[in-house]
Amino acid sequence: MVSTHNLGFPRIGAQRELKFALESYWKDASSLDELKATGARLRRRHWADQKNLTWAPVGDFAFYDQMLDMSFTLGNPPERVQGFQGDALDNYFRVARGRSAKASHSTPVAAGEMTKWFNTNYHYIVPEFKADTAFALDASRLLEQLQEAEAQGVHAKPVLIGPVTYLALGKAKDDSDKLALLERLLPVYVELLDRLAAAGVEWVQIDEPILVTELDLRWQQAFKTAYAALAKGKVKLLLTTYFGALKGNRDLVMALPVAGVHIDALNGREDVDALVQHLPAPKILSLGVVDGRNIWKEDLEALLDWLEPIAKRLGDRLWLAPSCSLLHVPVDLKSEQKLTADVKSWLAFALQKLDEITLLARALNEGRGAVAAELKTNRAALDARKGSPRVNNAAVQAAIAAINPASGQRQSGYEVRAAKQAAILKLPPYPTTTIGSFPQTREIRHARSEHKAGRLTDAAYEAAMRAEIEHCVREQEKLGLDVLVHGEAERNDMVEYFGEQLGGYAFSQFGWVQSYGSRCVKPPIIFGDINRPKAMTVAWTQYAQSLTQRPMKAMLTGPVTMLNWSFVRNDQPRSTTCKQLALAMRAEVLDLEKAGVRVIQIDEPALREGLPLRKAEWQAYLDWAVECFRITAGGVRDETQIHTHMCYSEFNDIIASIAALDADVITIETSRSDMELLDAFDHFKYPNGIGPGVYDIHSPNIPTEDHMVHLMREAAKRIPPKRLWVNPDCGLKTRQWSEVVPALAHMVAAAQALRTAAAAR
């Protein structure tokens, strides 16, 4: 009999219950006990939702991040929070966001560095290491959740981040070799597995996704060393990989002394035949056959055509699962009431994906006749999508065919453009700006919800948003910022806002996905060819510019981020969809320029996360991603200053491609990583303007003027001061005005101090 399991379930709740509970606690509006009770309720519900699986995950729930959970389980919180007296969860939040809730235990600390989980839009808190790092087991979180699951009758499979991936994704805070810590780390993992065995656990899922990346000989040997030690335990280990193919690591994986292997059989289809043929008995082979990162229905008949011979060969040794944790998709499609019937029929959210897994297993175990009706419904939906006139647009396809090399070329090089822009903008040294958004207040959110519900007229909503924009402009003028923004009060999300005005997109009501902590996004759904019926931002930007004599920066989301932060159609190459987005956003850029806007920011925070996980495959992606940005920006005159923004992405190793974007100014995240991202400029002469962020907006901590001056002086060691800008790390929509105003005041003061010091030299 084929078994079924899941690698992880969305933890935020179908109605974002965890988000609201976290934010209530952080605001001191509810107790820690109430927060923990919400977590327990969500776990019970999610295990009930997985009752039809052979095995359900335990330990996949986290109050902020699973990597941060693992750091605390291994006794490796950062040195700056060690010795904390109080509830461990408050200390956990101090690492996650710089402080917890109540003043009595919220002494601010530097928040842990945050970066993207492989090539997803989920952010994890980076483990920190030093040469003398020691580890000590704290299994309480996992054992408590295991007891809860057993009380509910769950056939539990605990989930751990594996030791090699944990080390690989962490950072040494000194010059030490983090791999040298493996010898100290492994006894803690062995002890943890022993504790789980003593609690009656049979299988443990141990995630090692770095196995789908290139590994040098030292890291390959680390796997051999690690699993030789872990194999001595009494539990069965399911070595779990996802997001890509094993390729050159395939033989390594097959030789490791584990009881089973899970692979992403969608992105790693090439690995399957070899594993089926050569994975030694009695090892289990788990195939991730349902996409855990996108929301389209699978072709169940095609999957069965492929799986039936495998099931016949492997029998009980075959397990079925989603390709990866379902953390990356919404919870339940049944909640959606406003999607059109055709689009809804093409989709599958987390619960529907589990239904697909159980249906496939039933067909393999009992024959297709047992699920004939379900297969017929599935086939009808797939055929309808393929033939839908809503999916294909001949005019868009013709425009794509007309793209040529000149489409992505500015009129002149940067030095010529910079001189013309300086003459028009007349900015001081170290010009100050922000990334675009300002606080989305309760009043803004209320007006938006009332407007969507039809209780606020279009005119009243526009008046409310204009009032918010004016307030934002006046505050920036009082602060003394040099290049202003309108604050994006009218925008619900930097991708959804544009997608709602483009053809080819659909939108869910409850399709929320966790990005980090309590931050949730609702990715739009690209189901057809993209077109732009009318201007999207021009009127709002013109209004904002009319309020001030200072330059007003227009804010757009770039095509690569629009692509990577949407659920993308899977029936054509991603590059084709991205070029469609580029042409749509190019039209918006040209309309803004025609309206007199002199500074236009085209945000690309998701550029790096679209990279293939293997460096050998990077260049093909970077070629079309850079082309798409340049198509978007390439039609403007020299006098129009193009900005772009990137945050919380390690891009030192793609700095040449960042330069190839040829943006006049790039703003980047550097404060949380203490300017580490600028190391790339030690060896690469970045040619254009750059604003290294000096204000960590993901923490409620307010940075000092001195701290910002220090960061900018570090930047000036690598970038000529005449090309440096001063700005926050990211947009300010998640912060409160009470935090933003003093932080930006310090930032403006820091810029002034830098100017004064420069003038004195």
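General observations
- Verdict on Leu320 being of a type outside the set (Phe, Trp, Tyr), in contact with a strand residue (DSSP E or B) (Cβ under 6 Å, 6 or more places away or on another chain) and outside any helix (DSSP H, G or I): yes
- When segment 26-51 is filtered for residues that are within 24 Å of the chain's Cα centre (by Cα) and among the aromatic types (Phe, Trp, Tyr), only Trp26 remains.
- Total residues in segment 386-412 satisfying the condition of being within 19 Å of Thr340 (Cα to Cα) and free of Cβ contacts under 8 Å to residues at least 60 places away in the same chain: the figure is 2.
- Residue list for segment 363-389, restricted to those being at negative phi and outside any helix (DSSP H, G or I): Ser388, Pro389
- Looking only at segment 595-622, and only at residues there that are part of a loop (DSSP other than H, G, I, E, B) and either in contact with a Leu (Cβ under 6 Å, 6 or more places away or on another chain) or of a type in the set (D, E, K, R) (or both), the one that is farthest from Asn564 (Cα to Cα): Arg598
- When residues in segment 62-117 are screened for being closer than 17 Å to Leu35 by Cβ, free of Cβ contacts under 8 Å to residues at least 24 places away in the same chain and either open to solvent by less than 20 Å² (accessible area, probe 1.4 Å) or under 24 Å from the mean Cα position of the chain (by Cα) (or both), 3 of them pass.
- Hits in segment 724-761 - residues which are farther than 14 Å from Leu481 by Cβ, open to solvent by less than 20 Å² (accessible area, probe 1.4 Å) and in contact with a Ser or Thr (Cβ under 9 Å, 6 or more places away or on another chain): Asp729, Gly731
- Test: residue in segment 304-316 that is surrounded by 20 or more Cβ atoms within 10 Å (Cβ to Cβ), among the small types (Gly, Ala, Ser), at pLDDT 95 or above and part of a loop (DSSP other than H, G, I, E, B): no
- Segment 395-439, subset out of contact with any Gly (no Cβ under 9 Å at 6 or more places or on another chain) and open to solvent by less than 30 Å² (accessible area, probe 1.4 Å), residue farthest from Tyr695 (Cα to Cα): Arg417
- Residues (under 21 Å from Arg11 (Cβ atoms) and open to solvent by 40 Å² or more (accessible area, probe 1.4 Å)) located in segment 48-61: Ala48, Asp49, Lys51, Asn52
- Flag if Leu711 is in contact with a Ser or Thr (Cβ under 8 Å, 6 or more places away or on another chain) and either of a type in the set (A, V, I, L, M, F, W, C) or open to solvent by 20 Å² or more (accessible area, probe 1.4 Å) (or both): yes
- Enumeration of residues in segment 564-581 that are touching a residue at least 60 places away in the same chain (Cβ under 8 Å), open to solvent by 20 Å² or more (accessible area, probe 1.4 Å) and part of a loop (DSSP other than H, G, I, E, B): Trp565, Asn570, Asp571
- For Glu443, the requirement of being over 29 Å from the mean Cα position of the chain (by Cα) and either in a helix (DSSP H, G or I) or free of Cβ contacts under 8 Å to residues at least 12 places away in the same chain (or both) is not met.
- Just one of the numbered conditions (1) of a type in the set (S, T, N, Q); (2) in a helix (DSSP H, G or I); (3) open to solvent by less than 60 Å² (accessible area, probe 1.4 Å) is not true of Thr133: (2).
- When residues in segment 490-513 are screened for being crowded, with 19+ Cβ neighbours inside 10 Å and aromatic (Phe, Trp, Tyr), 3 of them pass.
A quick yes/no check of all residues on (1) open to solvent by 10 Å² or more (accessible area, probe 1.4 Å); (2) part of a strand (DSSP E or B):
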{"site": "Trp540", "(1), (2)": "yes, no"}
{"site": "Tyr543", "(1), (2)": "yes, no"}
{"site": "Met555", "(1), (2)": "no, yes"}
{"site": "Met562", "(1), (2)": "no, no"}
{"site": "Leu583", "(1), (2)": "yes, no"}
{"site": "Ala587", "(1), (2)": "yes, no"}
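- Residues that are farther than 22 Å from Trp296 by Cα and of a type in the set (Asp, Glu), drawn from segment 477-512: Glu477, Asp482, Glu488, Glu490, Asp493
- Some residue of segment 687-696 being farther than 14 Å from Gly98 by Cβ, open to solvent by 10 Å² or more (accessible area, probe 1.4 Å) and modelled with pLDDT under 90: yes
- Among the residues of segment 337-376, those identified as in contact (Cβ under 8 Å) with a residue 60 or more places away in the chain, buried (at least 18 other Cβ atoms within 10 Å of the Cβ) and under 27 Å from the mean Cα position of the chain (by Cα) are Leu339, Val343, Trp346, Leu347, Phe349, Ala350, Leu351, Lys353, Leu354, Glu356, Ile357.
- Single residue of Ala180, Ala245, Ala172 found to be over 24 Å from Ser140 (Cβ atoms), hydrophobic (A, V, I, L, M, F, W, C) and either in contact with an Asp or Glu (Cβ under 7 Å, 6 or more places away or on another chain) or free of Cβ contacts under 8 Å to residues at least 24 places away in the same chain (or both): Ala245
Rundown of residues vs (1) more than 26 Å from Trp117 (Cβ to Cβ); (2) modelled with pLDDT of 95 or more; (3) out of contact with any Ser or Thr (no Cβ under 8 Å at 6 or more places or on another chain); (4) in a loop (DSSP other than H, G, I, E, B), yes/no style:
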| site | (1), (2), (3), (4) |
| --- | --- |
| Trp624 | no, yes, no, no |
| Glu627 | yes, yes, yes, no |
| Thr632 | yes, yes, yes, no |
| Asp638 | yes, yes, no, yes |
| His643 | yes, yes, no, no |
| Ser649 | no, no, no, yes |
| Ser657 | no, no, yes, no |
| Ala663 | yes, yes, no, yes |
| Ile666 | no, no, no, no |
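- Where Asn392 falls short, out of the listed (1) modelled with pLDDT under 95; (2) assigned to a helix (DSSP H, G or I); (3) open to solvent by 30 Å² or more (accessible area, probe 1.4 Å): (2)
- Top-ranked residue in segment 589-602 [being in contact (Cβ under 8 Å) with a residue 60 or more places away in the chain and over 16 Å from Gly408 (Cα atoms); ranked as surrounded by the fewest Cβ atoms within 10 Å (Cβ to Cβ)]: Arg598
- Residue check, Gly487 within 22 Å of Pro330 (Cα to Cα) and open to solvent by less than 10 Å² (accessible area, probe 1.4 Å): no
The values are calculated or read from the model by the stated rules, or taken from the named source; none is laboratory data. Note that the coordinates shown come from a computational prediction; the quantities given were computed from them, not determined experimentally. Cβ atoms come from the backbone with ideal geometry, glycine included; neighbour counts cover every protein chain shown. Heads up: the accessible areas ignore ligands, DNA and RNA and are worked out on the full protein's heavy atoms, side chains in. Shrake-Rupley method; radii C 1.70, N 1.55, O 1.52, S 1.80 Å.
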